[in-house]
Amino acid sequence: MRDDPLIQLILVIAPLSLLAIGGASAIYAPLQQQTVDVHQWLTGREFIELFAIARVTPGPGSMITTLIGWKVAGWLGALVATLALYIPCSVLCFAVARTWNRYRGSKWHTAIENGLRPIGAGLMIAGGVGMLRIENSGWLAWIVAFIVLAIMTWRSMTHPMLLLAVGAGIFLAARAVS
Amino acid sequence: MTTPAHPVSLFALYRLCFVVGVFSFGGGITAWFHREVVKVRGWMTDDEFFSGYSLAAILPGVNSTNMAVYVGQHLRGAIGSITALLGLLSAPFVIVIAAAAVYHHLAGLPGFAAVMGGIAAAAVGMLFRLGMMSARNAHRHIPSAVALAATFFAIGIMQWPLLPVLLVLAPLSIAASWPRKTDEKTAEAKPADEKSPPEGSGNA
């Protein structure tokens with residue numbers, strides 16, 4: 001039973017769900033250790049490749065676990081690995097959200113809400129800086145980010161798809177020039 | 001902006017999350033979520049949204065999926081959370097596997113990396129804008145500004161681990177926001193969301 005690859009996937013991935021404090025970046029090191037070194041489901045090079053794929057496709061970068069599940073046990077493996085990663089933290093978030101919304105309006109709720117809000121804003125901006133750091137495309141990424149920021153400040157209802165296209169266009173233009 | 005009179009249909013919630021999921025490149029998609037949920041559809045107030053974001057960012061897990069769970073819970077309880085999460089993940093689930101199957105062709109396409117890099121950078125710009133909005137809407141007092149700057153410095157610049165940073169900053173920031181007598185007016189002037197009935201109690 002414990003040799004079943006699906007069970008193995010759950011045992012490796014589910015605990016990481018609750019370890020992902022401050023976003024998924026916390027899980028990549030233990031995930032790599034478990035899947036490459038311990039279980040040898042894939043090589044280190046394959047891990048890096050899957051990591052890159054998960055980053056450039058839509059959805060959370062942590063969907064690398066979906067790909068690992070796919071490699072280990074096909075579509076069913078992909079499904080099991082995805083659920084193993086997202087269910088534990090989602091259940092926790094649901095429980096907290098429900099409690100949280102139930103006490104809306106009470107004094108301590110307002111205080112916690114107001115106290116956490118600037119921290120949430122700080123994390124949001126820090127998260128953006130972290131992404132620019134990971135993307136590793138240097139000053140051009142910063143320029144695009146600030147152009148988009150300027151457009152949104154000026155025209156707040158600009159459609160996001162247009163903004164993403166502006167980013168892609170600038171990068172393509174820069175590539176053509178260089 | 002008020003809580004909608006009719007409950008949001010699960011189909012509408014799924015469809016919104018599906019679309020956001022398809023375009024959630026680079027992770028900075030919270031801004032799109034905010035636009036659709038708060039500004040276009042009026043399903044939540046700014047306060048409710050940003051309050052949810054704080055929770056989503058602090059709790060373990062991925063910000064975007066946590067945010068979907070929060071929005072779904074707020075609108076429709078447990079079934080809403082499940083719907084939102086499935087909506088957000090179903091398209092990326094298929095796309096990421098399809099991309100892995102054809103990865104070696106994809107990576108060889110001229111300009112592929114540039115397009116992806118540009119999209120990710122633009123998404124970060126959207127996130128910056130949202131962070132600024134949240135900061136501006138926050139309680140306008142000095143401790144909040146200090147808490148924001150300290151959080152950004154610790155996580156964004158120093159890259160310290162989140163948990164110890166939170167354990168220090170969150171209690172201080174909450175204590176500084178505790179309503180005192182001089183703040184009563186501000187508390188009373190808070191918008192209508194305090195009057196709205198507790199969400200999700202019907203689904204509990």
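Laboratory data are not the source of any read-out in this text; all were calculated from the coordinates shown. The shown structure was predicted, so the numbers you read here are calculated from the model rather than taken from an experiment. In this analysis, Cβ positions are derived from the backbone assuming ideal geometry, glycine residues included, and neighbour counts consider all displayed protein chains.
Observations on the model:
- Net charge dipole size for region B:1-137 [Lys, Arg +1 and Asp, Glu -1 on Cβ; Debye, nearest 20]: 160
- Restricting the calculation to Cα atoms, every distinct pair contributes to the Kirkwood radius of region B:41-190, found to be 18.5 Å.
- Peptide B:69-77 has a mean of 4 when you count, residue by residue, the C-beta atoms of other protein chains within 10 Å of its C-beta.
- FRET E, pair B:H105, A:E46, Förster distance 22 Å, beta-carbon r, rounded to 0.05: 0.80
- Mean per-residue shielding of peptide A:103-112 is 6, counting Cβ atoms of other chains within 10 Å of each Cβ.
- Region B:37-50 - phi-based ³J(HN,Hα) in whole Hz, Karplus 6.51/-1.76/1.60, Gly and Pro as x: 6, 8, 7, 7, 9, x, 6, 9, 8, 3, 4, 5, 5, 5
- The length gained on full extension between A:R175 and A:L76, counted as 0.36 nm times the residue separation minus their Cα-Cα distance, comes to 31.7 nm.
- Rounded FRET efficiency, nearest 0.05, which uses the C-beta distance separating A:H39 from B:F23 and R0 of 30 Å: 0.35
- Shielding of B:154-162 by partner chains, average beta-carbon count, 10 Å: 5
- Tail weight of P(r) past 26 Å, computed on alpha-carbon pairs of chain A, percent: 49
- Highest mean packing comes first when the peptides A:66-79, B:157-170, B:101-114, B:122-135 are listed by Cβ atoms within 10 Å, giving B:122-135, A:66-79, B:157-170, B:101-114.
- Building the convex hull from the alpha-carbon atoms of the protein assembly as shown and averaging its projection over directions returns 19.0 nm².
- Principal axis box of region A:137-178, alpha-carbon based, largest edge first, Å: 33, 17, 12
- Only helices enter the 222 nm calculation for chain A: every DSSP H run of n ≥ 4 contributes -39,500 (n - 2.57), and dividing by all residues gives -26000 deg cm²/dmol, rounded to 500.
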